[in-house]
Amino acid sequence: MIRILVLLLLLTSCYSIDRDCNNFRTGKFEFSYELNDTIKKSIFTRTLDYEIEQYDNIIDSSSISWVNNCEFILTKLNPKTNQEKRPVKIKIIRTYEDSYDFEYSSVNEPIIIKRGTVKRYKD
């Protein structure tokens, strides 16, 4: 019985999820999402303080408030609707060489969590 517990402990301690979030704090990125059965693409540039997004010939900007290396809050600079006024919390949950998986939710509705993947944009 003790051998089994030791074996399980060794196997689970060897598995760790990569989260090198510093590689994704700044840069140019691409996010694809589905809207009304259509795949849409958003391209955004992130600095430590701002995120500038381009989608459907629209340019939108948000300020960034970093909670820690892997979490930040986006707040639209020029919201047009009440929903856009609500900040969005983003948490990077896993990183890869040129992409990351993340969770996001409205700060006002933290129990509704959605997921996505962002890729580093290649010109």
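Below, the figures for the structure above:
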{"item": "Nearest 10 degrees, 0 to 90: helix 2-14 Cα axis against the chain principal axis", "result": "30 degrees"}
{"item": "Theoretical ellipticity at 222 nm over the chain - DSSP helices of four or more residues, -39500 (n - 2.57) apiece, nearest 500", "result": "-4000 deg cm²/dmol"}
{"item": "Quotient of Cα Rg and 2.2 N^0.38 Å for the chain, N being how many residues it contains", "result": "1.29"}
{"item": "Signed unit charges on C-beta, dipole axis of segment 35-123, positive-most listed residue PRO110, ILE73, THR38", "result": "PRO110"}
{"item": "Rg to Rh quotient for segment 77-123, alpha carbon positions, Kirkwood Rh", "result": "1.08"}
{"item": "Distance (nanometres) between label positions extended 7 Å along Cα→Cβ at ASN22 and SER99", "result": "2.5 nm"}
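Every number here is computed from the coordinates shown, using simple stated rules; none is lab data. In this text the structure is predicted, and so the values were computed from the model without any measurement. Virtual Cβ from ideal backbone geometry, glycine too; neighbours counted across all protein chains shown.
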